[in-house]
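Have a look at the structure below, then the notes.
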Amino acid sequence: MVGGTAPGVTHVYPIRFDTPIRTGRLVLRPWRPQDGADRSLYRRLMADPDVVRYHYTDVLDATGSDERLAQRDAVIDGPGGWMNLAVESADTGVTVGDVGLAWMGDDHRQAEIGYTLAPEHHGRGYATEAATAMVDLAFSVLGAHRVTGRLDARNTASARVLQRLGMRHEALLVQNEWVKGEWTDEAVYAVLADEWAARPH
């Protein structure tokens, strides 16, 4: 892994995250667009109306899904850029979802996380475990001061993940965005570096 700096030091882009991240039960590693298992899992995610209900992207066919997967890489190209990693079960080697991290810029040292898990793997704490690793990465490698999670306010399952991370609910932005033909409310959760360091382990 390259690109990590201490807080306040300017990053050199692109920032690459090629080395897999291992947690207790998961391996977070770059997506493999040419791998049949990765491609199949991602197609199923993008074809499921319940999975993409609160995404900006609507349901995608196989072609659209493959094109989107080809763009998901483990690289932050510049301020505001996202990197995405496949979430894999360490025990089985099965790909179970996607996790992402955005670096908003060096001036304010803000990062944002995102995650999507396949429905058959819900309820096992995988989203919390993968998201925890992304928050750790933001603080320890990127030198973030603050990490946020932003979501459609109706997405209560995702909100529970952020709450389990110890993020505070900071804002409800009423009818903040026009998404998929309707005005939607946006909830904002966040945690600071010193709060994250002081949390119970």
Inset, instruction - Return a yes/no flag: does region 27-48 have any residue that is closer than 25 Å to Ser158 by Cβ, among the hydroxyl-bearing types (Ser, Thr, Tyr), in contact with a Ser or Thr (Cβ under 9 Å, 6 or more places away or on another chain) and surrounded by 17 or more Cβ atoms within 10 Å (Cβ to Cβ). - result: yes
Legend entry - Lone qualifier among Arg154, Arg146 - being basic (Lys, Arg) and either surrounded by 14 or more Cβ atoms within 10 Å (Cβ to Cβ) or modelled with pLDDT under 95 (or both): Arg146
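How about region 186-201: which of its residues are in a strand (DSSP E or B) and either in contact (Cβ under 8 Å) with a residue 40 or more places away in the chain or aliphatic (A, V, I, L, M) (or both)?
Step one: of region 186-201, the residues in a strand (DSSP E or B) are 186-192.
Correct list: Ala187, Val188, Tyr189, Ala190, Val191, Leu192.
For the subset of region 133-190 comprising residues that are of a type in the set (Phe, Trp, Tyr) and within 15 Å of the chain's Cα centre (by Cα), which member is farthest from Leu101 (Cα to Cα)? Spell out how you get there, then give the answer.
Within region 133-190, the subset of a type in the set (Phe, Trp, Tyr) is 139, 178, 183, 189.
Checking the rest, the ones that are also within 15 Å of the chain's Cα centre (by Cα) come to 139, 189.
On the way: Phe139: 11, Tyr189: 15 Å.
My answer is Tyr189.
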Legend entry - Complete set of residues in region 177-201 that are crowded, with 16+ Cβ neighbours inside 10 Å and within 21 Å of Val59 (Cβ to Cβ): Thr184
Inset, instruction - Could you give me the residue pairs with C-beta distances under 6 Å whose first residue belongs to region 155-168 and is assigned to a helix (DSSP H, G or I), whose second residue is surrounded by 15 or more Cβ atoms within 10 Å (Cβ to Cβ) wherever it lies, and which are 6+ apart or on separate chains? - result: Ser158/Leu151; Val161/Ala127; Val161/Thr128; Val161/Ala131; Leu162/Gly149; Leu162/Tyr189; Arg164/Thr128
Legend entry - Checking Leu173 against (1) crowded, with 16+ Cβ neighbours inside 10 Å; (2) over 24 Å from Ala90 (Cα atoms); (3) of a type outside the set (Lys, Arg), the condition it does not meet: (1)
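The rows are residues; the columns are (1) within 17 Å of Met46 (Cβ to Cβ); (2) touching a strand residue (DSSP E or B) at 6+ places or on another chain (Cβ under 8 Å); (3) surrounded by fewer than 21 Cβ atoms within 10 Å (Cβ to Cβ).
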site: Val75; (1), (2), (3): no, yes, yes
site: Gly80; (1), (2), (3): no, yes, yes
site: Gly100; (1), (2), (3): yes, yes, yes
site: Asp106; (1), (2), (3): no, no, yes
site: Gly114; (1), (2), (3): yes, yes, yes
site: Leu117; (1), (2), (3): yes, yes, no
site: His121; (1), (2), (3): yes, yes, yes
site: Glu129; (1), (2), (3): no, yes, yes
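The values are calculated or read from the model by the stated rules, or taken from the named source; none is laboratory data. These figures come from a predicted structure and were not determined experimentally. Please note: Cβ atoms are built from the backbone with ideal geometry, for glycine as well, and neighbour counts cover all protein chains shown.
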